[in-house]
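Undergrad: Once you've had a glance at the structure underneath, I'll fire off some questions.
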Amino acid sequence: ISISLLEGGGGFGISFGILGGGFVYSELLPNNKGYNPLPPLIVGVFMKIEVSIGISIKKIPKYAFYGSVIKEVHLHQDINLIDEGAFAESNIKINIQELSNLKAIGDGAFYRSRGLIIYLPQTLETIGSYAFANMYNDIKSIVIPNSVTSIGESCFEYCNNLVSISIPKRVTSISRSC
């Protein structure tokens, strides 16, 4: 199964199909205030699928993949925000190194998630509270890029195997328990 998320003239769309099985589904969602650009069908998915985010999508919205078990999410370089809880409680292979325009990682964006390849891009400016908290054994070391100026509260809390963290001098705000 593969899923693609795209933006059209009137809103966001989703299409997916079973490769080789002939099944195809697609839907266009209005781009009105209050609509989540990623339909609820992505939240809590427990399938070995791959998801490709369409080039027109610039942010991963709040709780878009919350609790999902997905083989892999392919992100593109133009994403500039991973919002609050976007990948929290999930088990998804994600490589954020590819995000060369990423400016902010929201509160709890990767809280208790698995499968993340952690290399923070040089464009990153803000890391939210609890952004990488409770990742247990998945983080061993991390280098905060020179572009970061703010690190939120408890962003690496309960990362039990974290033995090395490099924080640049440019960081002007580190909240408690980080």
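The values are calculated or read from the model by the stated rules, or taken from the named source; none is laboratory data. Please read these numbers as outputs of a predicted model, since none were measured by experiment. Every residue, glycine as well, gets a Cβ built from its backbone with ideal geometry; the counts of neighbours run over all protein chains shown. Protein only, heavy atoms only, side chains kept; ligands, DNA and RNA dropped before computing areas. Shrake-Rupley method; radii C 1.70, N 1.55, O 1.52, S 1.80 Å.
Undergrad: Quick one: count up the residues across segment 86-128 that are of a type outside the set (A, V, I, L, M, F, W, C) and within 13 Å of residue 152 (Cβ to Cβ).
TA: 7
Undergrad: Can you work out which of the residues in segment 63-82 that are outside any strand (DSSP E or B) and open to solvent by less than 10 Å² (accessible area, probe 1.4 Å) is modelled with the highest pLDDT?
TA: Step one: list which residues in segment 63-82 are outside any strand (DSSP E or B), which gives 63-68, 75-80.
Then keep just the ones that are open to solvent by less than 10 Å² (accessible area, probe 1.4 Å); that gives 64-65, 68, 79.
Working: 64: 86, 65: 86, 68: 84, 79: 93.
Across segment 63-82, the extreme among qualifying residues is 79.
Undergrad: Identify, from the list 170, 176, 112, the residue that is open to solvent by 10 Å² or more (accessible area, probe 1.4 Å), part of a loop (DSSP other than H, G, I, E, B) and within 22 Å of residue 63 (Cβ to Cβ). Lay out the reasoning, then the answer.
TA: Details: 170 fails: within 22 Å of residue 63 (Cβ to Cβ); 176 fails: within 22 Å of residue 63 (Cβ to Cβ).
Only one candidate qualifies: 112.
Undergrad: How many of the residues in segment 88-107 are assigned to a loop (DSSP other than H, G, I, E, B) and open to solvent by 10 Å² or more (accessible area, probe 1.4 Å)? Before you say what the answer is, go through the steps one by one.
TA: Pass one, segment 88-107, residues assigned to a loop (DSSP other than H, G, I, E, B): 88-90, 99-103, 106-107.
Keeping just the survivors that are open to solvent by 10 Å² or more (accessible area, probe 1.4 Å) gives 89, 100-101, 103, 106-107.
Final tally of qualifying residues: 6.
Undergrad: Is there any pair linking a residue in segment 98-127 that is free of Cβ contacts under 8 Å to residues at least 60 places away in the same chain to one that is of a type in the set (Lys, Arg), with Cβ under 6 Å and at least six apart or on different chains, and which?
TA: So the pair list comes out as 115/93; 125/103.
Undergrad: Next up: Is it the case, given these coordinates, that residue 85 is more than 11 Å from the chain's Cα centre (by Cα) and either in a loop (DSSP other than H, G, I, E, B) or without any contact (Cβ under 8 Å) to a residue 24 or more places away in the chain (or both)? Outline the logic, then answer.
TA: Values: more than 11 Å from the chain's Cα centre (by Cα): no; either in a loop (DSSP other than H, G, I, E, B) or without any contact (Cβ under 8 Å) to a residue 24 or more places away in the chain (or both): yes.
So residue 85 fails the test.
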